[in-house]
Amino acid sequence: MSTAALAAGATTQVTVVPEVDGNRPTRRRRIAGTTTERIPVRACSGDDLGRHVQLAEIEPPALRLTRRGRMLLTTVSVLVFGAAVAVLGLRVAGLLDPAPQFTHTISVQVGAGQSLWSIAQETNPSENPATVVEQIANLNNLRTPADITPGQTLQIPIR
């Protein structure tokens, strides 16, 4: 039918016949003729499909890990925990202690013009003088390194 015929109001009857293939009908339907009438169509609006839910009501999906992801997460967790235990154990055992371990002490009399730094360098040349000065001050109950006087006897740690 032409557009002019449709505008004039001419209509044709539509017959919807399902094609049958064996025992079950196919999804494709044959339409005989043309019409201006509405063809029955399955509803596809959002309300009919349950899509009228507001976006604020939708919850985000929970985190889902694959088997590979779970294995990776477990491995990394075990490695981090193991490293923390190893470092803590070595620190408790004293193997990671940055301060040198001194084996014995000697008595030294402070001379004129000597400082704890110069005494530390003379008695322990292979050690860091700052560490040795701190050990001397702790061993002799000195508040500051300047608390020494010439003639004073100090206990000096030796490695």
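The values are calculated or read from the model by the stated rules, or taken from the named source; none is laboratory data. Bear in mind that the values here come from a model prediction, so they are computed numbers and not experimental data. Cβ: placed from backbone, ideal geometry, glycine included. Neighbour counts: every protein chain shown. Side chains are part of the model used for accessible areas, which takes the heavy atoms of the whole protein and leaves out ligands, DNA and RNA. Shrake-Rupley method; radii C 1.70, N 1.55, O 1.52, S 1.80 Å.
A few remarks follow.
- Complete set of residues in segment 98-127 that are under 14 Å from Arg159 (Cα atoms), open to solvent by 90 Å² or more (accessible area, probe 1.4 Å) and outside any helix (DSSP H, G or I): Gln101, Thr103, His104, Pro125, Ser126
- Residue within segment 142-150 that is touching a helix residue (DSSP H, G or I) at 6+ places or on another chain (Cβ under 9 Å), of a type in the set (A, V, I, L, M), at pLDDT below 90 and exposed (fewer than 11 other Cβ atoms within 10 Å of the Cβ) present: yes
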